[in-house]
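Student: I have a structure here, written as structure tokens, and I will follow up with some questions on it.
Here, each number is a calculation from the coordinates, and none is a lab measurement. As the structure is a computational prediction, the values presented were derived from the model and not from experiment.
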Amino acid sequence: MSRTTWLFASLLVGFVRWAQGLINTSQQIGGGIGLAILTTVSTTRTNNLLANGVAGPTALTDGFRLAFWVGVGLAVIAVVTTFVALKGEELVPQAQPAEEADNEQIAA
């Protein structure tokens, strides 16, 4: 079972839509910030190499290479943080109160 499914199972029905919105927003914002960081790293490295007289294609390739390795480093940090910060025992599905379950079935 994925973490997202596990998370949604632990929420009351009324909060699932909020959680989905929060996850979607964080993915979009995180992707945008990550792309901005990697673009800045690549552009800065390329411009510095060009200023030092390195040929254009070589400078561009080295800029992309540095951005790639920075991205790998950030991914490794994210994986380590995920395994350290999140523990399976913290997410325990909650039972939905009977009256809310009846309301949800009627609304559907």
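Student: Bins of 5 Å, beginning at zero and ending with the bin holding the largest distance: percent of Cα pairs per bin for the stretch 3-89, please.
Tutor: The calculated distribution, bin by bin, is 3, 13, 14, 16, 14, 11, 9, 7, 6, 4, 3, 1, 0.
Student: Another question about this same structure. May I ask you to compute the full-extension gain from residue 47 to residue 26, defined as 0.36 nm times their residue separation minus their alpha-carbon distance, rounded to one decimal in nm?
Tutor: Length gained between residue 47 and residue 26: 4.4 nm.
Student: Give me the percent relative contact order of the stretch 3-89, please, defined on Cα pairs under 8 angstrom at least 6 residues apart.
Tutor: Contact order relative to length: 22 percent.
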